[in-house]
Amino acid sequence: MNKYLSLIVLCVLVISCTKDKGSMPEPKRYSIEQFYKNKQIGGGAFSPDETTLLFHSNESGIYNLYEVNIDDGSQRQLTHSTGESYFAVDYVPGTNQILYSADQGGNEINHLYLLKEDGSSQDLTPGQQEKASFFGWSLDKQALFYLSNKRNPSFFDLYKMRINEWKPELIYANDQGFNVGAVSWDENRLALVKTVTTSENRLFLYDRSTEEMDEISIPEMPGSYRPAGFSKDGQSFFYITDAEREFAYLVKYDLQSGQRTTLYQTDWDVMYSYDSENEKYRVIAVNEDGKNVLTIIDNISGEPVDFPEISDGDVIAVAISKSETMMRLSVGTSKAPVNLYVYNFDTRQLKKLTQTLNPEINPDDLVAAEVVRYQSFDCLEIPAIYYKPLAASAKNKMPALVWVHGGPGGQSRTGYSALIQFLVNHGYAVLAVNNRGSSGYGKTFYKMDDRNHGDKDLLDCIWGKKWLLEQDYINPDQIGIIGGSYGGFMTMAAMTFHPDKFKVGVNIFGVTNWVRTLRAIPPWWESMRQALYTELGDPTTADSVRLYNISPLFHAHQVKNPVMVLQGANDPRVLQVESDEIVAALKQNNVPVEYIIFPDEGHGFRKRENEIRGYGEILRFLDEYLKSD
């Protein structure tokens, strides 16, 4: 304790900008069922005639396919699955047929399906253990490209299928563990990525006609290199890199001369970039302090295109129509799930096409996310997304939760989270920590947790608790920790190795035995295996000692306070046995533990009924063990 106290004295304390401004009335409380009457949607492909958008929504309880009319906003449900979730991919060019993706019970073995005009479906990738993903259309729009591991479960090959024939043609046999990143429009060049570590890779161009491989990444300038597409004239290749800089930037590479030109850079990471159908516009998305900020460049003038700003908006994804007259935007806010918008470049009008927030919920009863920063044990500045209950005040103190995102290497962002808003609506402050090792804050920050997991990154979360304690409206005796996946590991690590810090812990699909998890990674992660071992440790070597030492399962006797565990039975990443064993160990130690297994889920929730059950039980658990004195 003395070391920590002395470090706190050395740190410059961050004064919260959320000081008590007087008591506000309690907001209306909403049930978990009301929060999950919200719709979650994704996709948004333009139909060939550009009159509708294809998207998926969980309005029916699981994800099905829908169309929305761009003119009047009317919607039509296209599929009526009651067992598996269907995710929209695209319309088949020149037809009313539709591509979609689905797995089985959350096992992540996705197949590509064709929804025909008569309503019947065809599995285009029917291999029992075949995992497939759509990669794009050919220049003439007569064929699709897709990735599949049917030939070798460990690596993904590139295939081509002619429309209406639907017979796979092997384009590139991936025997060296590359990841296919882009295909030139003449189909002769492939951009291939070789993973080195989770923060470094190498980028190559492979010529199919000569079988020559040229490295585009610069060995003397190691870093992250990601393909961003080829120009249609075959003269240029685009990529995103952070080589010799802290943040990722966009580069144009001349395929004839090898000249490199930086097209776009800022003090945040460029997330993605691509040209529209006829290269009139270039789309650039930047991850700016927890949300995406969109820039559209007119490639002729070189000037940015003005379009209306959506308040508190996080632009998740965009697509420009083939005619280049319209742009679809998928935008979420901290108070509402993602909605689909269409912007007309000619009329400069922005139209909202969906309404995903349950109309029973008044957004004024919800909380806008706020970006805050605090200093950790070693004075490192830690960014976080904060949600303060509306009625919190010095006279009305609230319990609080430290929220830890997944990963390692994930990021808490300002977009909508139904679970967070549900908890805040019921009187819990939530501090979503972006501990060292999180993405979005530069490559130095990102690499700070390498071979140090469950140590300094966990202390960042504990110092998040200290920040909460500085807020005069937080009850100091009612602070817990919650997280999913890697965040679930961090939750269990906090409860195990710092057993007096948090009153409760909620572990959602979290790792508790790193030795087993890293030995049992899914076969389709093979190209990343060595990178994971480089960052986390190789369980087949002496690293297993450190992995054992940081695994909560082997030290569960140290846990003192109540824990809740949620687990999907079909999870291929964190096997159910992980949660079974930690729960058994806690019970043996007479620690209060509640355990819920979802037999039809994988690594995360797909079905609304399971979200309602699981998240409703989290609130009940917190009310019983955290809020109660």
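May I ask what percent, to the nearest 5, of DSSP beta bridges between residues of the chain are antiparallel?
Roughly 80 percent of the DSSP beta bridges within the chain come out antiparallel.
If you average 1/r over all unlike Cα pairs in the stretch 105-170 and invert the result, what Kirkwood radius do you get in angstrom?
12.5 Å
Under a Cβ-Cβ cut-off of 9 Å, what is the net charge of the residues other than Asn299 that fall near it, where Lys and Arg count +1 and Asp and Glu count -1?
Net charge in that neighbourhood comes out at -1.
Sorted by packing (mean other beta-carbon atoms within 10 Å per residue), highest first, where do 577-587, 470-480 land?
577-587, 470-480
For Asp365 and Asp267, compute 0.36 nm times the residue count separating them, minus their Cα-Cα distance, and round to one decimal in nm.
Here the answer is 31.8 nm.
What does the charge count around Gly488 come to, taking other residues whose C-beta lies under 13 Å from its C-beta (Lys +1, Arg +1, Asp -1, Glu -1)?
Net charge around Gly488: -1.
What net charge is computed for the residues neighbouring Leu144, neighbours being all others with C-beta under 10 Å from the C-beta of Leu144, Lys and Arg scored +1, Asp and Glu -1?
Result for the local shell: +2.
Which value at 222 nm does the chain reach when only helices count, each DSSP H run of 4 or more adding -39,500 (n - 2.57), with the total divided by all residues and rounded to the nearest 500 deg cm²/dmol?
Helices in the chain give a 222 nm mean residue ellipticity of -5000 deg cm²/dmol.
Residue by residue through the stretch 152-160, what is 3J(HN,Hα) from phi via Karplus (6.51 cos²θ - 1.76 cosθ + 1.60, θ = phi - 60°)? Round to whole Hz and write x for glycine and proline.
9, x, 8, 10, 9, 8, 9, 10, 10
Measure nothing fancy, just the Cα-based angle from helix 456-469's long axis to the longest principal axis of the chain, in degrees from 0 to 90, nearest 10.
With both axes taken from Cα atoms, the answer is about 60 degrees.
Too long at a 24 Å Cα-Cα cut-off: which of Lys395/Lys560; Lys37/Lys116; Lys397/Lys503; Lys37/Lys501?
Lys395/Lys560; Lys37/Lys116; Lys37/Lys501
Got a sec? Charge dipole of the chain, +1 on Cβ for Lys and Arg, -1 for Asp and Glu; which of Ser323, Ala88, Gly409 is way out at the positive end?
Gly409
Tell me, what is the FRET efficiency for Arg151 and Arg29 to the nearest 0.05, using R0 = 41 angstrom and their Cβ-Cβ distance as r?
Rounded to the nearest 0.05, the efficiency is 0.15.
Multiplying the sequence separation of Glu288 and Ala394 by 0.36 nm and subtracting their Cα-Cα distance, what value in nm do you get?
34.9 nm
For the stretch 450-582, what proportion of DSSP beta bridges, expressed in % and rounded to the nearest 5, is antiparallel?
0 percent
Give the whole-number value, in cubic angstrom per residue, of the convex hull volume spanned by the C-alpha atoms of the stretch 268-369.
97 Å³
Taking R0 as 60 Å, what FRET efficiency do you get between Asp207 and Glu117 from their Cβ-Cβ distance, rounded to the nearest 0.05?
About 0.95, to the nearest 0.05.
Rounded to whole Å, give me the distance from the Cα center of the stretch 506-559 to that of the stretch 425-450.
Each part's Cα centre sits 20 Å from the other's.
Rounded to whole Å, give me the distance from the Cα center of the stretch 315-361 to that of the stretch 116-147.
27 Å
On a 0 to 90° scale, report how tilted helix 486-497 is relative to the longest principal axis of the chain, with both axes built from alpha carbons and the result rounded to the nearest 10.
20 degrees
Where the centroid of each part is defined by its Cα atoms, how far is the stretch 185-262 from the stretch 577-597 in Å?
48 Å
Quick one: which residues, 5+ away or cross-chain, put their amide H under 5 Å from the amide H of Ala317? H built at 1.01 Å from N.
So Ala317 has HN proximity to Ser330.
Sorted by average packing, counted as other Cβ atoms within 10 angstrom per residue and highest first, what order do 533-543, 56-66 take?
The most tightly packed comes first, giving 56-66, 533-543.
Could you tell me which of rounded, prolate or oblate describes the stretch 224-289, using a ≥ b ≥ c as the square roots of the eigenvalues of the alpha-carbon gyration tensor, with rounded for a/c under 1.5 and, failing that, prolate when a/b is larger than b/c and oblate otherwise?
Taking the square roots of the gyration eigenvalues as a ≥ b ≥ c, the stretch 224-289 is oblate.
So for each of 404-411, 619-626, 431-438 I average, over its residues, the number of other beta carbons within 10 Å; can you give me the resulting order with the highest mean first?
431-438, 404-411, 619-626
Output the relative contact order of the stretch 413-556, whole-number percent, from Cα pairs under 8 angstrom with separation of 6+ residues.
18 percent
What distance in nm separates the simple spin-label points at Leu469 and Ala173, each placed 7 Å from Cα in the Cβ direction?
Modelled inter-label distance: 6.2 nm.
Angle check, please: helix 526-536 long axis (alpha carbons) against the longest principal axis of the chain (alpha carbons), in degrees 0 to 90, nearest 10.
That helix lies at roughly 30 degrees to the long axis.
Find the eigenvalues of the gyration tensor of the Cα atoms of the stretch 496-560, then list the square roots of 5 times those eigenvalues as equivalent ellipsoid semi-axes, largest first, in whole angstrom.
Each semi-axis is √(5λ); the values are 26, 14, 9 Å.
Classify the stretch 43-111: rounded, prolate or oblate, from the alpha-carbon gyration tensor (a ≥ b ≥ c, eigenvalue square roots; a/c under 1.5 rounded; otherwise prolate if a/b is larger than b/c)?
oblate
Bear in mind that the values in this text are calculations on the coordinates, not laboratory data. The structure displayed is predicted, hence computed values, not measured ones. Note that we place each Cβ from the backbone using ideal geometry, even for glycine, and neighbour counts take in every protein chain shown.
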